[in-house]
Amino acid sequence: MNNLIAFFKQNFHYLLFFILQVIAIVLIYTNMNYARFVLGTHSKAVIGPVYNGWHSFVKHFSLESENEALILQNEQLMREMPENFITTDDSTYSVEGKEGRGRRARTVKMYEYMHAHVIHNTIHKKNNYLLLDKGRADGIDVDMAVISPEGVVGVVNDVSEHFSSAISLLHPDSRISARILPVNQVGTVLWDEIDAEHAYLHDIPQHWPVSVGDTVVTSGFSNVYPKDIMVGIVSEASKDAHSNFYTLKIQLSTNFSRLNTVYVVKNLYKSELDTLKKNFKDV
């Protein structure tokens with residue numbers, strides 16, 4: 001008898017839940033509206049956590065779907081940025097107008113974007129890199145830029161059929177051609193090999209007026225990154241007594257510890273431009 005009483009005490013909530021469910025079914029089918037109302041009021045306290053858990057479960061996948069839609073929307077907006085296009089006078093076309101014949105401007109698209117998810121990322125090593133969930137089958141190739149909504153991330157250095165790796169900006173081999181605003185002077189960004197939040201901008205002459213808080217963006221001269229992609233903000237500016245250049249420490253705009261979705265950037269004319277550069281060097 002004592003064992004039976006102990007059993008009921010230990011399983012009281014489960015027995016109550018079962019009894020309430022049986023009563024609910026009976027009341028529903030007998031159409032006892034008032035009783036069903038009372039039952040519903042009390043049973044919510046019991047089954048409410050179950051519904052709440054289910055709601056959270058459904059909400060998780062709903063938010064994931066909404067997030068993917070936002071990623072695609074952001075990707076489309078990046079494709080439409082003015083920095084992706086160059087406008088030139090095209091001498092192969094002539095236009096008849098009220099003021100006579102003239103040349104027509106031609107707009108050329110330079111960059112294409114595709115999103116990828118970061119499946120592995122290092123930030124505390126000397127040679128940091130990322131692994132992405134897209135590869136050759138998705139149109140990824142070596143030397144493509146990798147950026148985030150916050151700014152510069154790295155450059156693709158190896159590709160397999162379905163995956164790719166990228167050298168992070170947090171890598172000693174990383175070199176980014178960047179310009180400092182508002183003076184519009186071009187220099188090179190190198191990682192300081194100390195932490196994941198800072199790098200240095202080199203080759204900025206001391207005669208330019210540079211201040212803490214100035215913005216650093218990509219120059220667009222490398223054929224890898226489009227111009228005006230955010231790199232960071234000048235956090236320390238000092239003049240080197242042994243040279244004519246600044247020592248500029250940059251607070252990086254990208255939070256490398258929280259990378260999830262990135263955008264891989266393809267320069268549609270990179271091969272052609274690289275050939276011209278190579279010919280220039282061989283002269």
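Please go through (1) closer than 27 Å to H124 by Cβ; (2) crowded, with 17+ Cβ neighbours inside 10 Å; (3) of a type outside the set (G, A, S); (4) touching a Leu at 6+ places or on another chain (Cβ under 7 Å) for H202 and return the number of the only condition it doesn't satisfy.
(2)
Inspect all residues belonging to region 202-215 and state whether any of them is part of a loop (DSSP other than H, G, I, E, B) and either touching a His at 6+ places or on another chain (Cβ under 9 Å) or small (G, A, S) (or both).
Yes: region 202-215 contains one or more residues that are part of a loop (DSSP other than H, G, I, E, B) and either touching a His at 6+ places or on another chain (Cβ under 9 Å) or small (G, A, S) (or both).
Residues to consider are S160, S165; find the one that is in contact with an Asp or Glu (Cβ under 8 Å, 6 or more places away or on another chain), assigned by TED's automatic domain parsing to the domain that holds T215 and modelled with pLDDT of 95 or more.
Sole residue among the options that is in contact with an Asp or Glu (Cβ under 8 Å, 6 or more places away or on another chain), assigned by TED's automatic domain parsing to the domain that holds T215 and modelled with pLDDT of 95 or more: S165.
Select from region 173-187 the residues that are over 22 Å from the mean Cα position of the chain (by Cα) and in a loop (DSSP other than H, G, I, E, B) and write down the one among them that is nearest to Q206 (Cα to Cα).
Only one residue tops the list, namely V183.
Taking interchain pairs and intrachain pairs at least six residues apart, which have beta carbon atoms under 8 angstrom, with the first residue in region 234-258 and in the same structural domain as W191 (by TED's automatic domain parsing) and without any contact (Cβ under 8 Å) to a residue 40 or more places away in the chain and the second charged (D, E, K, R) and assigned to a strand (DSSP E or B)?
Pairs found: S235/K249; E236/K249; A237/K249.
Within region 209-232, can one find any residue that is free of Cβ contacts under 8 Å to residues at least 12 places away in the same chain and either touching a helix residue (DSSP H, G or I) at 6+ places or on another chain (Cβ under 8 Å) or at negative phi (or both)?
Within region 209-232, none of the residues are free of Cβ contacts under 8 Å to residues at least 12 places away in the same chain and either touching a helix residue (DSSP H, G or I) at 6+ places or on another chain (Cβ under 8 Å) or at negative phi (or both).
Only one of these conditions is not met by I233: (1) assigned to a strand (DSSP E or B); (2) hydrophobic (A, V, I, L, M, F, W, C); (3) closer than 30 Å to G139 by Cβ. Which number is it?
Only one criterion in (1) assigned to a strand (DSSP E or B); (2) hydrophobic (A, V, I, L, M, F, W, C); (3) closer than 30 Å to G139 by Cβ is unmet by I233, namely (3).
Within region 255-273, identify whether any single residue is at pLDDT below 90 and more than 26 Å from the chain's Cα centre (by Cα), and answer yes or no.
Scanning region 255-273, I find at least one residue that is at pLDDT below 90 and more than 26 Å from the chain's Cα centre (by Cα), so the answer is yes.
For region 107-125, how many residues are in a strand (DSSP E or B) and either polar (S, T, N, Q) or under 22 Å from N255 (Cβ atoms) (or both)?
Within region 107-125, residues that are in a strand (DSSP E or B) and either polar (S, T, N, Q) or under 22 Å from N255 (Cβ atoms) (or both) number 10.
Taking the conditions exactly as written (part of a strand (DSSP E or B) and either more than 23 Å from the chain's Cα centre (by Cα) or crowded, with 18+ Cβ neighbours inside 10 Å (or both)), does L170 satisfy them or not?
no
The values are calculated or read from the model by the stated rules, or taken from the named source; none is laboratory data. In this text, all values refer to a predicted model and were calculated from it rather than measured experimentally. Cβ: placed from backbone, ideal geometry, glycine included. Neighbour counts: every protein chain shown.
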